[in-house]
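Here's the structure we're looking at; comments come further down.
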Amino acid sequence: MASNPYVKSLIWLVSFGGIGYGLLRLTEPSDEKIAKIRATTAGVHLSEEEKKKLLFLKKLQSAVTDKTPVYLKKSEDN
């Protein structure tokens, strides 16, 4: 049965998939490390264009969560 190439391929696929998953779980950073990295790099090296994109994405995200439609908002409401 081990001479069948499909069985061998399946065994190799499962074994390397298991090894990859094990390494993924082993090297996963903790939540504290992720929060620390995000706090230290929160817009320090952003160009003007990247800052505009970030502001645009924040406005889009607030438009999604807000109840009133965007086209009914006035410029004073921002």
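Quick notes on this one:
- Kyte-Doolittle mean at least 1.0, axial Cα span of 30 Å or more - DSSP H helices of the chain: 5-26
- Share of alpha-carbon pairs per 5 Å distance bin for the stretch 1-40, given as whole %: 5, 21, 13, 13, 11, 10, 8, 6, 6, 4, 2, 0
- Ignoring lysines fewer than eight residues from K51 along the same chain, the ones with Cα atoms less than 27 angstrom from its Cα are K33, K36, K59, K67, K73, K74.
- The label-point distance for L46 and D31, in a model that sets each label 7 Å from Cα toward Cβ, rounds to 2.5 nm.
- Measure of compaction for the chain (Cα Rg per 2.2 N^0.38 Å): 2.08
Read the figures in this text as sums done on the coordinates, not as results from a lab. All figures in this text were calculated on a predicted structure; none of them were measured in a lab. Here Cβ is always computed from backbone atoms with ideal geometry, including for glycine, and neighbour counts include all displayed protein chains.
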